[in-house]
Amino acid sequence: MVPEVFDHWTAFRSSGGLFCRLCYINPQVYQEAVEVLGQDLAIVALALTAERSANGSVANPGGYLRELVNRSCRGSLRLSRSLFSMAASARQSH
């Protein structure tokens with residue numbers, strides 16, 4: 001959706017508001033994610049949410065992002081597994 005945000009980590013880190021608008025996520029939900037996860041993990045969780053929303057596997061992006069935050073609070077958040085799975089799926093489809 002917005003390839004230019006992946007040019008540099010700094011641009012990616014500051015793209016939270018853009019991802020929220022594109023996915024119709026309340027920015028307050030993202031701010032809560034930043035408070036709990038820290039800015040780096042929060043933007044990764046938001047990008048994962050955006051991708052899953054775009055491919056139709058997530059119907060409620062704000063709810064999904066909240067669930068990722070809740071998983072972190074429970075100690076069961078595994079963003080790296082989700083990212084590796086997404087990458088493997090992308091490779092298979094190409």
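The values are calculated or read from the model by the stated rules, or taken from the named source; none is laboratory data. On a predicted model such as this, the values are computed, not experimentally measured, just so you know. Glycine gets a Cβ as well: all are built from the backbone with ideal geometry, and neighbour counts include every protein chain shown.
Each residue in the range 12-43 was checked for being of a type in the set (Gly, Ala, Ser) and crowded, with 16+ Cβ neighbours inside 10 Å, and 4 pass. With the requirement that a residue be among the charged types (D, E, K, R) and surrounded by 11 or more Cβ atoms within 10 Å (Cβ to Cβ), what does the range 71-91 give you? Listed by number, the residues that qualify are Arg71, Arg78. Can you confirm whether Leu46 is surrounded by fewer than 18 Cβ atoms within 10 Å (Cβ to Cβ) and under 10 Å from the mean Cα position of the chain (by Cα)? Answer is no for this residue. Against the criterion of being among the basic types (Lys, Arg) and at pLDDT 95 or above, Arg71 qualifies. Screening the candidates Ser14, Ser82, Ser53 for the property of being under 11 Å from the mean Cα position of the chain (by Cα), modelled with pLDDT under 90 and polar (S, T, N, Q) yields one hit, Ser82.
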